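To keep things clear, I will list the structure first and then write my remarks on it.
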Amino acid sequence: MLTLFIIIVVVGCMFAAAWNDMTSMTIPNWISLVLVAGFLIAVPFAWQGWAVFGTHMLIGFICFALGVGMFALGWMGGGDAKLFAATSLWWVWADLWQYLVFTAIAGGLLAIFLLLGRKFFPVKILKTDWLYRLFKDEKKMPYGLALAFGALMTLPKSDFYLFASGLV
């Protein structure tokens, strides 16, 4: 039952974040809040001790600070920064590195796709508002897609998920 809860919360939020970011270039605050609340609800049922809980909290705070810094430098949107921190709360160190690698790969591929699409795709023929905005706006990138991909690839092998599933 706990694993189903984790899947619904994390996967549901990641799909919602990806869709919202792709179609509107924003990630609503409720998505990050549901991720944080879901983690805090699940923790007592998959309790691994104060040290592990402290690691989750430390990672969440570090990623929040990094996200705020990247937002301040204009490298990341505010919704992306909050999603990054809220998602990172679910990981321990090994999971975080895996999440960062998957997210970086997806972000790089997304950037290449958008660069090529913005250069060679005739945006004037696009009739859907969000597709037009996706390929027309040369300064924005829906990084929530990469964050969602990283989370979805990391979750099934994450320490918290495996412990909650009884596989560790």
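The values are calculated or read from the model by the stated rules, or taken from the named source; none is laboratory data. A quick note: this is a predicted structure, and the numbers were derived from the prediction, not measured. Neighbour counts run over all protein chains shown; Cβ positions are idealised from the backbone, glycine included.
State yes or no: is Lys127 in contact with a helix residue (DSSP H, G or I) (Cβ under 6 Å, 6 or more places away or on another chain), without any contact (Cβ under 8 Å) to a residue 60 or more places away in the chain and under 18 Å from Thr23 (Cα atoms)?
Numbers: in contact with a helix residue (DSSP H, G or I) (Cβ under 6 Å, 6 or more places away or on another chain): no; without any contact (Cβ under 8 Å) to a residue 60 or more places away in the chain: yes; under 18 Å from Thr23 (Cα atoms): yes.
No; evaluated as a whole, the condition is false for this residue.
Does Gln48 satisfy the criteria of being farther than 18 Å from Asp21 by Cβ, part of a helix (DSSP H, G or I) and either in contact with an Asp or Glu (Cβ under 6 Å, 6 or more places away or on another chain) or among the polar types (S, T, N, Q) (or both)? Judged against the criteria, Gln48 is not a match.
Comparison of Gly69, Gly54, Gly77 shows that the only residue that is farther than 23 Å from Pro156 by Cα and either exposed (fewer than 15 other Cβ atoms within 10 Å of the Cβ) or aromatic (Phe, Trp, Tyr) (or both) is Gly69. It is to be established whether one or more residues within region 66-88 are more than 13 Å from the chain's Cα centre (by Cα), assigned to a helix (DSSP H, G or I) and among the acidic types (Asp, Glu). No; the residues of region 66-88 include none that is more than 13 Å from the chain's Cα centre (by Cα), assigned to a helix (DSSP H, G or I) and among the acidic types (Asp, Glu). Sub-7 Å Cβ pairs linking a first residue in region 1-21 that is surrounded by fewer than 23 Cβ atoms within 10 Å (Cβ to Cβ) to a second residue that is of a type in the set (S, T, N, Q) and assigned to a helix (DSSP H, G or I), at least 6 apart or interchain, are Thr3/Ser165, ordered by first then second residue. Assessment of region 22-31 against the conditions (modelled with pLDDT under 95, in a helix (DSSP H, G or I) and small (Gly, Ala, Ser)) yields at least one matching residue. For region 82-119, filtering for residues that are among the hydrophobic types (A, V, I, L, M, F, W, C) and touching a Cys at 6+ places or on another chain (Cβ under 6 Å) leaves 2. Could we say that Leu134 is farther than 30 Å from Ile41 by Cβ, free of Cβ contacts under 8 Å to residues at least 24 places away in the same chain, not charged (D, E, K, R) and not in a loop (DSSP other than H, G, I, E, B) here? Taking the combined requirement at face value, the residue does not satisfy it.
Looking only at residues that are not in a helix (DSSP H, G or I) and not basic (Lys, Arg) in region 95-129, which one is modelled with the lowest pLDDT?
Residues of region 95-129 that are not in a helix (DSSP H, G or I), as a first pass: 121-122, 126-128.
Keeping just the survivors that are not basic (Lys, Arg) gives 121-122, 126, 128.
Values: Phe121: 72, Pro122: 70, Leu126: 66, Thr128: 72.
If we take residues in region 95-129 being not in a helix (DSSP H, G or I) and not basic (Lys, Arg), then Leu126 is modelled with the lowest pLDDT.
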